[in-house]
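Asks: Could you have a look at this structure, given as structure tokens, before my questions?
The values are calculated or read from the model by the stated rules, or taken from the named source; none is laboratory data. This is a predicted model, so every value here is computed, not measured. Ideal geometry is used to build each Cβ from the backbone, glycine not excepted, and the neighbour counts take in all protein chains shown. Please note that ligands, DNA and RNA were not included when accessible areas were found on the heavy atoms of the full protein model with its side chains. Shrake-Rupley method; radii C 1.70, N 1.55, O 1.52, S 1.80 Å.
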Amino acid sequence: MIQDTTGRPDSRVSRETAGMTGRPAHDTDRHAVEARKFIVFVVGGANYAVDSRAVSEVFRDLTPTRVPNCPEWLLGIANLRSEIVTVVELGKLLGGDPVPTSQTPKHIVVRIEMMDALIAFRVEKLREIVTVEKSRIKSASDPTRPFVSGEFKLREQTFTVVNVGKLVES
């Protein structure tokens, strides 16, 4: 059973078969569907998703120390178990509003291998972990948003897939 961000079982997400977990399908499992797991979240009222393989962990509260002369979207750095983490206001980085101060921020912590760095993206709301068949993910190529790699629909809602590597590069 998948757990939500509070650690309670999340009954909204079903169990997955071996062919859907990213493990190689066996010859006897000819009908296995290729799928990807995403962590879905809300920023600025819009639904986003990030590949779960890019996520190191999810953290409720991470208090950054401001760094002078940085862009508004860079909230600062924080210490997470003796590792320095760059904390980014994802709403501002995407050109929207920051997480309202009335809400307890949530952070999606990703490890950027090419930079050997941890980055925590502050988001409004963490929703759940979902498994989506690759065939349901539509490719996206928007030169104004190079960090968007696609989108998918789930329960009549559209989710924008964020490519974390491209987001950091842009």
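Asks: Where in segment 107-168 are there strands (runs of 3 or more DSSP E), lying wholly inside it, with at least 1 residues that are touching a residue at least 60 places away in the same chain (Cβ under 8 Å), of a type outside the set (Asp, Glu) and within 16 Å of LYS37 (Cα to Cα)?
Replies: Values: elements: 117-123, 125-133, 148-154, 157-162.
Hits in segment 107-168: 125-133, 148-154, 157-162.
Asks: Also, I was wondering about something else. Looking at CYS70 and the list (1) surrounded by 16 or more Cβ atoms within 10 Å (Cβ to Cβ); (2) hydrophobic (A, V, I, L, M, F, W, C); (3) modelled with pLDDT of 80 or more, which single condition is not satisfied?
Replies: (1)
Asks: Check ILE84 against each of (1) in contact (Cβ under 8 Å) with a residue 40 or more places away in the chain; (2) of a type in the set (A, V, I, L, M, F, W, C); (3) closer than 20 Å to GLY165 by Cα and name the one condition it does not meet.
Replies: (1)
Asks: Restricting attention to segment 114-170, and to residues there that are of a type in the set (D, E, K, R) and under 14 Å from the mean Cα position of the chain (by Cα), which single residue is farthest from THR86 (Cα to Cα)?
Replies: It comes out as GLU151.
Asks: Based on this model, can you work out whether ILE84 counts as out of contact with any Leu (no Cβ under 9 Å at 6 or more places or on another chain), open to solvent by 30 Å² or more (accessible area, probe 1.4 Å) and more than 21 Å from ARG145 (Cβ to Cβ)?
Replies: Spelling it out, it is not the case that ILE84 is out of contact with any Leu (no Cβ under 9 Å at 6 or more places or on another chain), open to solvent by 30 Å² or more (accessible area, probe 1.4 Å) and more than 21 Å from ARG145 (Cβ to Cβ).
Asks: Another one. Identify all residues within segment 151-170 that are more than 19 Å from LEU93 (Cβ to Cβ) and surrounded by fewer than 21 Cβ atoms within 10 Å (Cβ to Cβ); write none if there are none. Please lay out each step first, then the result.
Replies: Within segment 151-170, the first condition is being more than 19 Å from LEU93 (Cβ to Cβ), and the residues that meet it are 152-158.
Within segment 151-170, LYS153, LEU154, ARG155, GLU156, GLN157, THR158 qualify.
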